[in-house]
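Worksheet: the structure to be examined is printed underneath.
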Amino acid sequence: GGTSFFQIGNILSKFGEKDTQVYLIQEIPVTQQEIQAGVALRMENGETAEKAKKEVIKEIITKKTLYAAATKQGFTVSDQEYDAYVEQLREQLQKAENQHDMQDFYEGFGGENNYWKSMEASIRQNLVVRKYIDSQTDKQTEEEIRKKAYESGTKQIDLDAFEQVVDETCKEMTD
């Protein structure tokens with residue numbers, strides 16, 4: 001897609017403002033933002049709305065299931081770990097070749113700090129999931145871990161209902 005980074009930042013930031021919980025997977029909220037941002041980014045990369053939604057459904061079920069398993073086993077992320085990780089990410093982004101694209105991207109969020117604020121919950125979840133996966137990879141591959149999480153996750157939810165939620169959530173984007 002020929003969409004500018006500013007537009008992508010803008011697309012995503014709009015979802016940040018209405019971080020409405022639309023579904024629960026193992027008591028972990030799924031927000032409107034997560035669904036729409038995931039679908040929007042995939043559509044930007046040229047995927048059809050249908051394929052984008054399918055992938056986002058799979059990704060969210062997998063991530064929330066892994067996050068639930070991780071927290072049950074006591075995995076957490078300290079503020080120090082979070083700050084260090086974000087610092088690392090920021091440095092990587094500063095080294096990126098497309099600096100002005102990144103600035104445009106942040107602008108779409110109303111500035112760099114807003115971007116990081118809006119991403120915090122998601123980044124924290126990803127870090128906990130990462131720790132959990134790393135603790136398991138001596139027994140099985142990451143791919144196997146994710147596949148099992150997805151399979152067990154789908155058994156614990158009403159998949160049709162979740163698909164409907166995703167369709168509804170994306171209606172305004174794909175009409």
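Only one of these conditions is not met by Thr65: (1) surrounded by 12 or more Cβ atoms within 10 Å (Cβ to Cβ); (2) without any contact (Cβ under 8 Å) to a residue 24 or more places away in the chain; (3) over 21 Å from Ala40 (Cα atoms). Which number is it?
(2)
Among the numbered conditions (1) at pLDDT 90 or above; (2) closer than 19 Å to Ser118 by Cα, tell me where Thr20 comes up short.
Against the list (1) at pLDDT 90 or above; (2) closer than 19 Å to Ser118 by Cα, Thr20 comes up short only on (1).
Mind listing whichever residues of the stretch 15-36 are closer than 22 Å to Thr154 by Cβ and among the small types (Gly, Ala, Ser)?
None - no residue of the stretch 15-36 is closer than 22 Å to Thr154 by Cβ and among the small types (Gly, Ala, Ser), so the list stays empty.
With Asp83, Asp101, Asp160 as the choices, which residue is more than 25 Å from Pro29 (Cα to Cα), of a type in the set (Asp, Glu) and over 15 Å from the mean Cα position of the chain (by Cα)?
On the way: Asp83 fails: more than 25 Å from Pro29 (Cα to Cα); Asp160 fails: more than 25 Å from Pro29 (Cα to Cα).
Of Asp83, Asp101, Asp160, the one residue that is more than 25 Å from Pro29 (Cα to Cα), of a type in the set (Asp, Glu) and over 15 Å from the mean Cα position of the chain (by Cα) is Asp101.
Okay, residues lined up against (1) over 17 Å from Glu120 (Cα atoms); (2) out of contact with any Phe, Trp or Tyr (no Cβ under 8 Å at 6 or more places or on another chain); (3) crowded, with 18+ Cβ neighbours inside 10 Å:
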residue	(1), (2), (3)
Val30	no, no, yes
Ala37	no, no, yes
Leu41	yes, yes, no
Thr48	yes, yes, no
Lys51	yes, yes, no
Glu55	yes, yes, no
Ile60	no, yes, yes
Lys95	yes, yes, no
Gln99	yes, yes, no
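Can you tell me which of (1) out of contact with any Gly (no Cβ under 8 Å at 6 or more places or on another chain); (2) open to solvent by 60 Å² or more (accessible area, probe 1.4 Å) is the one Asn114 doesn't meet?
(1)
Name the helices (runs of 4 or more DSSP H) wholly inside the stretch 95-163 in which the number of residues that are closer than 19 Å to Thr76 by Cβ and modelled with pLDDT of 95 or more is 1 or more.
On the way: elements: 99-108, 112-136, 142-155.
Counting at least 1 such residues, we get 112-136, 142-155.
Quick one: Val77 ticks every box in (1) surrounded by fewer than 12 Cβ atoms within 10 Å (Cβ to Cβ); (2) assigned to a loop (DSSP other than H, G, I, E, B) except a single one, so which number is it?
(1)
Going by the conditions given, is Glu91 part of a helix (DSSP H, G or I), within 28 Å of Ile145 (Cα to Cα) and among the acidic types (Asp, Glu)? Let's see the steps before the verdict.
Values: part of a helix (DSSP H, G or I): yes; within 28 Å of Ile145 (Cα to Cα): no; among the acidic types (Asp, Glu): yes.
Spelling it out, it is not the case that Glu91 is part of a helix (DSSP H, G or I), within 28 Å of Ile145 (Cα to Cα) and among the acidic types (Asp, Glu).
Name every residue in the stretch 37-65 that is over 13 Å from the mean Cα position of the chain (by Cα) and within 20 Å of Lys131 (Cβ to Cβ), in order of residue number.
Correct list: Thr65 only.
Could you tell me which numbered condition Ser118 fails, if it satisfies all but one of (1) farther than 17 Å from Thr31 by Cβ; (2) of a type in the set (Gly, Ala, Ser); (3) under 16 Å from the mean Cα position of the chain (by Cα)?
Condition not satisfied by Ser118: (1).
The values are calculated or read from the model by the stated rules, or taken from the named source; none is laboratory data. Fair warning: this is a prediction, and the values are worked out from it, not measured in the lab. Note: ideal-geometry Cβ built from the backbone for every residue, glycine included; neighbour counts use all protein chains shown. Protein only, heavy atoms only, side chains kept; ligands, DNA and RNA dropped before computing areas. Shrake-Rupley method; radii C 1.70, N 1.55, O 1.52, S 1.80 Å.
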